[in-house]
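The values are calculated or read from the model by the stated rules, or taken from the named source; none is laboratory data. Source: prediction; values computed, not measured. All Cβ positions, glycine included, derive from the backbone under ideal geometry; neighbour counts span all protein chains shown. What goes into the accessible areas is simple: the full protein's heavy atoms, side chains included, and nothing from ligands, DNA or RNA. Shrake-Rupley method; radii C 1.70, N 1.55, O 1.52, S 1.80 Å.
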Amino acid sequence: MAMVSAGFHKVADICGRRESWRLRLKLIRVWKMSAVATPDDLFAMHMLFVDQEGTCIESVIQKHLMHRFANSVIEGEVYNVTQFTVARNSGKFIATHHDHKLTFNANTRIVACPTVAIPATGLNLVKTSDILKTKGSSQHLMDFMGIVTGISEELTLSKEGRKTRLMLIDMVDEMGKIRCAIFGQPIDTVKGFLTLSRCGPACSNHPSCSWEVGIQNLLNASKLFWNPEIPEAIEFKNSLAVHEIETNVEISLISDNRRPVSVREQFLTKFPRKRVGDLNHMLEDGTYIVLGTITEVFQEDDWWYIACSCMRAVDFSQGFPYCNDCKREVFEMPTRYKVKILVVDQSDSTELIMFDSPCYSLLNIPCKGLLSDHKARKTDGYPPEILDFIGQEMLFSVELNAEKFSSFDGEAIKVQKICLDASILDEYKELIDDETLLKLKFAPAFSKFEDGDGKSCVIDLTPNNITVGGQCDLTPMCSTQSPPAPCDSIVDCKLPVKVKDNEPCEKKKKGKA
């Protein structure tokens, strides 16, 4: 097997068929993983190495071994690494394109080599065209280099009582332009001039943003540089010159077209308004707003679940916590709300499911806190705080995505947000009433059908036969009369239909006036 130098193997040759490997590697990145909600509770340490050939590989150190390595390694130094295990390279985010990664154990040795130099940076730069081709679906972290053309002001996002800092950056390379979202502490680094970032692809779901695919930093993992003095930066600038792209450009301020959407806009103007009954027959995925009353909280399943950091349920069937979505063992396992409800309006009823965000809006307490309080009461069933949902009328922002949610929650539709603001509810009801009256105003006075016997009939759709917001009283009428007269043929139009009381319904015999 090929050796990089005497007694050491190439990273490219590493596979799972061998147990004894000797590597000489340069450490180019170290980061520690934690949950967003509990940043001080670390559960793993990751290291990114490169060998003399420029091939990168990732190593993972679990929480109980972090103290053995955390203070003994320095980025940029070269180390001899031995007595580790080799595992398949999988997970929600993958740092390299190598098929395998290294897992350090209690016997792993990592020895510094201060007299050895490995010049390789380990960067594998991609172009904007490569990022756009992924459509936001790639799991691999990427290296991207670009010229900054615009920076936004610092924004603040709020979710479930937590606030996150956000800054937007526009960057260009010879293949086009892309937007980068920077979250958290790295914003302090990018308030100057930023030209290089290690980022993971992410899909932008902000409707006011025209960028379908962009890049963002990964918490703790991404490292940002500006004007780096490395060979790749010189080559990048030369390629821009060939394409006649100016490098000394004035950085503009990105306009705040991604301002936070107000609750009023979210529920009154941003998304289509639907009735509860419409949700049962919708074929098009999307976000919709409905007004309804919670009439039941289903108690067949638990109201909470143990989640991975990706928010999917942790699987314990293998004897240890495992995430089938991330395809990895789970060490950080927060509890999250999962409450299935029945919502009713005048049109129909449907099942909705609420996770952390809407439940937190109603309860104003994290799932972990309510679970602790409920266990302290030593009572069975659902907490009374959740059962108090019953009888409440509210606006629901719901997401219809059959492929995403049917496998996890049956036929239930996911609730994104809820609104209890009385003034917004009143405005919503006025909009619904206005829309209903508008439809009636321009609807035909009579609608023609054929009954089961092939007889031609019409239904009177004039406003005096229809109650806005209630049940329709539709009178089938014979089309041979002018104006139409009542007849005894009742048309099945798949709606709540009844013949008006106290009105004779006799057919006119042919030839009689």
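Which of 177/274; 101/368; 101/127 have a Cα-Cα distance over 31 Å?
Working: 177/274 38 Å; 101/368 34 Å; 101/127 25 Å.
Where the Cα-Cα span goes over 31 Å, the pairs concerned are 177/274; 101/368.
Quick one: what are the phi-derived ³J(HN,Hα) couplings along the range 287-298, Karplus 6.51/-1.76/1.60 with θ = phi - 60°, whole Hz, x for glycine and proline?
Going residue by residue, I get 10, 9, 10, 9, 10, x, 10, 6, 10, 7, 10, 6 Hz, with x marking Gly and Pro.
For 298, 316, 69, what's the largest-to-smallest order of accessible area, 1.4 Å probe?
316, 298, 69
For labels at residue 129 and residue 393 in the simple 7 Å Cα→Cβ model, what's the distance in nm?
For the pair residue 129/residue 393, the computed spacing is 5.8 nm.
How large a share of the accessible area of the range 35-132, in percent, is made up of carbon and sulfur atoms when the probe is 1.4 Å and the other protein chains stay in place?
Ligands and nucleic acids excluded, carbon and sulfur give 52 percent.
Suppose all protein chains stay in the model; what accessible area per residue would a 1.4 Å probe give for the range 305-356, in Å²?
Here the per-residue accessible area is 45 Å².
In whole percent, how big is the carbon plus sulfur part of the accessible area of the range 267-356, probe 1.4 Å, protein atoms only? Show your work: numbers first, answer last.
On the way: 2080 of 4430 Å².
Summing carbon and sulfur atoms, their accessible area is 47 percent of the total for the range 267-356.
Is there a quick way to get the dipole size of the range 275-348? I mean about its Cα centre, with the Cβ of Lys and Arg at +1 and of Asp and Glu at -1; what is the value in debye to the nearest 20?
It works out to roughly 280 debye.
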